[in-house]
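A quick write-up on the structure given underneath.
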Amino acid sequence: MSHASRVSRAPTAVFWLATLLGLFAIPLSLAKNHSPAQPANSTPPLRIPSDVAWTQETLTIISSGDSFRGLLLARRCNHCHGEEGFSSVPAYPNLAGLDRLSFWKQVEDFRSGKRISPIMQTIAEGLAARDSADLAAYYALLPTASDPLENRAFPQPMQDPSRATIAIRLIVFGDGQRGIPPCQSCHGPVSYVKGAPRLDVQNGTYLAEQLDHFSNGSRTNDINVRMRSIAIQLTAEEKTALSECYGAGLGPGANSR
Amino acid sequence: MKKRIGFVAAMAVVGLAFLSIRYYEVDLPIWHLLGGGKGLDPATLHLRGEFVESNLGAAEGPAGSVTVRMIAQQFVFVPQCIVVPADVAVTFRVTSADAVHMLSFLGTNYGLRAVPGEVNQATFTFTKPGEFKVPCHEFCGAGHYAMRGQLHVVPRDQFASLLPGERRTCEPR
Ligand SMILES: [Cu+2]
């Protein structure tokens, strides 16, 4: 390397360095104007759908649940939700295999009255905050596979099996034209969003009721209107088809027959 | 040897230059690291702040200005159907509850990203009344391709007659 070339290289390095700084400095300075002050507007009365938020704290509480303690506590629930988490009354939900976040959130919402159910509110009020994490841990572990006692309401054959096509199309593909995402992209088995329960081993009668409650505004505890904005777009026939199909164990992921 | 160092350095700069145009993936995190951003927690949008559910939709401000607040989340926009007046400058304020999404107003050149932890704001004027699709234009997961909202642009007087005093949307009821 000659002396001359070393001199000529120095400005090049400075040039590159400046270029580099410039490239980051411009977008970063733009970022400063990113969220200007909020314009003044009169605000309508505050409505909070649920006191539960998926913060790190909440997730820690839920994951600390002890399933053995849950097993002991579950005696209080067996009467309605079944010995093995499968109820014998079709209007009562199955809890077997329900994901912990979903379970915990619903119990909290029953307790705070954000989800209205006179039966469950009294029961939830009788549980300590720790109990619901334990119960969630226990029910999440229950198998969804076989029915040795034959005393479950699930599965129940579809009243009109020809409706299965309507249901499967919505579950698998959704309806892009109307902005209805596939049920399986939030409720599994393809992917899950936080707090969305599995539907594949749920009783049809219960599902139909909940879909109606979401669409007529009597259940409003879903965070950021997620489930309401979907349910409100479904026709009565689609709601029946979906709940019967899931309730018959025909939803993707169901392994219980 | 020196030549090789120079070459590697040049490639590194080119690589970094390429990264620096990934605004949301590179610049924004750097900005956050440097202490920028007020930190809107995507997990608590429904509890406090301007994105609580009762405040979403089109709001009429002083002097007839219109502000639309929206949340994008996997895999729905809220509100799913937004209604705005024609020929009025409409300010959109959007955020995300999870991944990065992008609203794109089909039939217009307008688009806006929704980023968790950030409020993105842009002002658009829609001149043509009608109904427009608002698909999500940033891959956000399994239900992405069905993530689609709607925009209704209505004449000004019609907009004024919609549910005065409330946040306006065109969600079915
Ligand atoms: Cu999206």
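Counting only residues that are at pLDDT 95 or above and more than 11 Å from chain B (Cβ to nearest Cβ), give me the helices (runs of 4 or more DSSP H) lying completely in the range A:169-235 with at least 2 of them.
A:204-216
Can you name the condition, by its number, that B:Glu138 falls short on among (1) at pLDDT 90 or above; (2) under 17 Å from B:Pro79 (Cα atoms); (3) crowded, with 19+ Cβ neighbours inside 10 Å?
Condition not satisfied by B:Glu138: (2).
Taking the condition of being within 19 Å of B:Ala99 (Cα to Cα) and basic (Lys, Arg), how many residues in the range B:31-80 meet it?
Adding up the residues that qualify gives 2.
Out of the range A:123-182, which residues are surrounded by fewer than 16 Cβ atoms within 10 Å (Cβ to Cβ) and acidic (Asp, Glu)?
A:Glu125, A:Asp147, A:Glu150, A:Asp160
Quick one: which residue in A:Gln177, A:Gln202 is farther than 20 Å from A:Asp222 by Cα and polar (S, T, N, Q)?
A:Gln177
Looking only at the range B:107-125, decide whether some residue is of a type in the set (Lys, Arg), within 13 Å of chain A (Cβ to nearest Cβ) and away from the ligand (no atom under 15 Å from the Cβ).
No.
If B:Gly61 passes every condition in (1) facing another protein chain (nearest Cβ under 9 Å); (2) closer than 22 Å to B:Lys133 by Cα; (3) of a type in the set (Gly, Ala, Ser) but one, which one does it miss?
The number of the failed condition is (2).
So for the range B:122-129 (the condition being hydroxyl-bearing (Ser, Thr, Tyr), surrounded by 13 or more Cβ atoms within 10 Å (Cβ to Cβ), under 19 Å from B:Thr91 (Cα atoms) and modelled with pLDDT under 90), does at least one residue qualify?
no
Which condition number in (1) aliphatic (A, V, I, L, M); (2) more than 16 Å from the ligand (Cβ to nearest atom); (3) open to solvent by 20 Å² or more (accessible area, probe 1.4 Å); (4) under 30 Å from A:Asp51 (Cβ atoms) is the one that B:Ala97 fails?
(2)
Hey, could you check the range B:143-167 for residues that are of a type outside the set (Phe, Trp, Tyr), open to solvent by less than 80 Å² (accessible area, probe 1.4 Å) and part of a helix (DSSP H, G or I) and say which is farthest from the ligand (Cβ to nearest atom)?
B:Ala160
Pairs, please: C-beta under 6 Å, at least 6 apart or cross-chain, first residue more than 8 Å from chain A (Cβ to nearest Cβ) and in the range B:79-99, second assigned to a loop (DSSP other than H, G, I, E, B) and among the acidic types (Asp, Glu)?
Partner pairs satisfying both residue conditions: B:Cys81/B:Glu171.
State all residues of the range B:42-58 that are facing chain A (nearest Cβ under 7 Å), assigned to a loop (DSSP other than H, G, I, E, B) and open to solvent by 10 Å² or more (accessible area, probe 1.4 Å); if no residue qualifies, say none.
The answer is B:Leu47, B:Glu50.
With the requirement that a residue be of a type in the set (Gly, Ala, Ser) and under 22 Å from A:Met227 (Cα atoms), what does the range A:115-137 give you?
A:Ser117, A:Ala136
The values are calculated or read from the model by the stated rules, or taken from the named source; none is laboratory data. All of these numbers come straight from a predicted model, not from anything done at the bench. Cβ coordinates were reconstructed from backbone atoms using ideal geometry, including for glycine residues, and neighbour counts include every protein chain displayed. Surface accessibility is based on the protein's heavy atoms, side chains included, excluding ligands, DNA and RNA. Shrake-Rupley method; radii C 1.70, N 1.55, O 1.52, S 1.80 Å.
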